[in-house]
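**Student:** Structure provided below as structure tokens; questions to follow.
The values are calculated or read from the model by the stated rules, or taken from the named source; none is laboratory data. A quick note: this is a predicted structure, and the numbers were derived from the prediction, not measured. When we count neighbours, we look across all protein chains shown, and the Cβ atoms used for this are built from the backbone with ideal geometry, even at glycine. Just so you know, the surface numbers come from the protein's heavy atoms only, side chains and all, with ligands and any DNA or RNA stripped out. Shrake-Rupley method; radii C 1.70, N 1.55, O 1.52, S 1.80 Å.
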Amino acid sequence: MTKEPKTGDRMFELMKADKTLMEEKYKITVGGWCADEGPDTKKGKRLMSEAFCWMIIIVCWAHQMNLVVGDLLRVKHELIEVIKTVLEIITWFNGHSVPLAWLQDEQQLTYNKSWIIFLPVITRWLAHYHTCARLLKIERAMCACWARKADKIIMKAGNTEKQESARAVLEPIGDVEFWKKLRR
């Protein structure tokens, strides 16, 4: 639809075509329709409900929740800053294989197991929570790795400028207050 005007009438035509495709190709009965609340989609859904009065047509709450989360992320709050720090730390480690291997080794020593650290997929519910929970799960190993190898980790960043940047990103690992804020 990118080359065509985004109108409610055009959206209705696309919705009807999709419904027909599902019914003819996959032999299913479409009993409901879920879409966001953009102006074109909103009118398309209204026209669908008029044409197919028996269908259940609802707003997509995933879209609505993403809008709410987007509003929250624009808010300046201590938690938002802590999450940004978590994402920077994880991004840095995932981009530097030797320090990441050291962290995995430290996890083996601490827990007899190693977990990956990952960045959230924004379209997945609770993704930021799980990312932060994973970092908290390996807190002892991460702090031990930092305490033992901070200078070596920083050296793996590259030139002096990159080392200074790495130190700024990674110093919260050794900060007890950072971990307290993350646990909240």
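**Student:** Restricted to the range 1-41, and to residues that are at pLDDT below 90 and in a helix (DSSP H, G or I), which residue is surrounded by the fewest Cβ atoms within 10 Å (Cβ to Cβ)?
**Tutor:** Result: PRO39.
**Student:** Quick check on my filter: what residues within the range 140-157 are surrounded by 16 or more Cβ atoms within 10 Å (Cβ to Cβ), more than 12 Å from HIS96 (Cα to Cα) and of a type outside the set (A, V, I, L, M, F, W, C)?
**Tutor:** LYS149
**Student:** Under the condition of being aromatic (Phe, Trp, Tyr), under 24 Å from the mean Cα position of the chain (by Cα) and under 15 Å from ARG134 (Cβ atoms), which residue from the range 84-117 is least open to solvent (accessible area, probe 1.4 Å)?
**Tutor:** Within the range 84-117, the match that is least open to solvent (accessible area, probe 1.4 Å) is PHE93.
**Student:** Now for a separate question. Considering every residue within the range 119-130, establish whether at least one is over 17 Å from ILE90 (Cα atoms), open to solvent by 90 Å² or more (accessible area, probe 1.4 Å), part of a helix (DSSP H, G or I) and in contact (Cβ under 8 Å) with a residue 40 or more places away in the chain.
**Tutor:** No: zero hits.
**Student:** Mind counting the residues in the range 158-184 that are part of a loop (DSSP other than H, G, I, E, B) and open to solvent by 80 Å² or more (accessible area, probe 1.4 Å)?
**Tutor:** Of the residues in that region, 2 qualify.
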